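Step one of this worksheet: look at the structure below.
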Amino acid sequence: AGHPVVCFSASNLMAVAKKFREAGLDEIHGLVIAADNDISVDHAERRFKSDAVYKAISAARETEAQVAFFGISRSPGYDARDLLVTEGPQAVRRYIERARSPDEVEAAMAHILERRLHTPRAVLEPSL
């Protein structure tokens, strides 16, 4: 099923993905980068608060990997560990198997940003 990789920060994601590729660990199963669902929007700046998904996209392009991405199917900040805890290892496997190309994830991010910028904050963040 591939080699699990954990990066606790998107800042080292590119380096780790490159090392896996250089070591040939992608030859049988390929590489899939599971991006945290960092889709919270900074309305004043008109951008996402985090660039973690964009770093996953860049690393995937550089290493010919796919990106597993929740998008609007899960709340902002949700990640593969959350999925493992709430739904178990088979759910994580299905999530990884549905990985998409970096271009598809980038297009999804553009759509999500546009949608979130035009949705009232009280709807996105009910606690306000």
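The values are calculated or read from the model by the stated rules, or taken from the named source; none is laboratory data. Note that the structure is predicted; figures quoted are calculated from it, not measured. Here Cβ is always computed from backbone atoms with ideal geometry, including for glycine, and neighbour counts include all displayed protein chains. For accessibility, only protein heavy atoms count, side chains too; no ligands or nucleic acids. Shrake-Rupley method; radii C 1.70, N 1.55, O 1.52, S 1.80 Å.
Legend: Rg and Dmax of the stretch 65-120, from Cα coordinates, 12.5, 36 Å.
Sorting 68-74, 23-29 by average packing, meaning the other beta carbons within 10 Å per residue, from highest down gives 68-74, 23-29. Per residue, the convex hull spanned by the alpha carbons of the chain comes to 107 Å³. Rolling a 1.4 Å probe over the heavy atoms of the protein chains gives the chain an accessible area of 62 Å² per residue. For the chain, the 222 nm mean residue ellipticity estimated from helices alone, with every DSSP H stretch of n ≥ 4 adding -39500 (n - 2.57) and the total spread over all residues, rounds to -13500 deg cm²/dmol. One quarter of the surface of the convex hull around the alpha-carbon atoms of the stretch 5-58 equals 4.0 nm², the direction-averaged projected area. Counting protein heavy atoms only, the chain has 51 percent of its accessible area on carbon and sulfur, 1.4 angstrom probe. Ordered by 1.4 Å accessible area with all protein chains kept, Tyr95, Tyr78, Tyr54 run largest first as Tyr54, Tyr78, Tyr95. Legend: residues Asp103, Asp36, Asp42, sorted from most to least accessible area (1.4 Å probe; ligands, DNA and RNA excluded), read Asp103, Asp36, Asp42.
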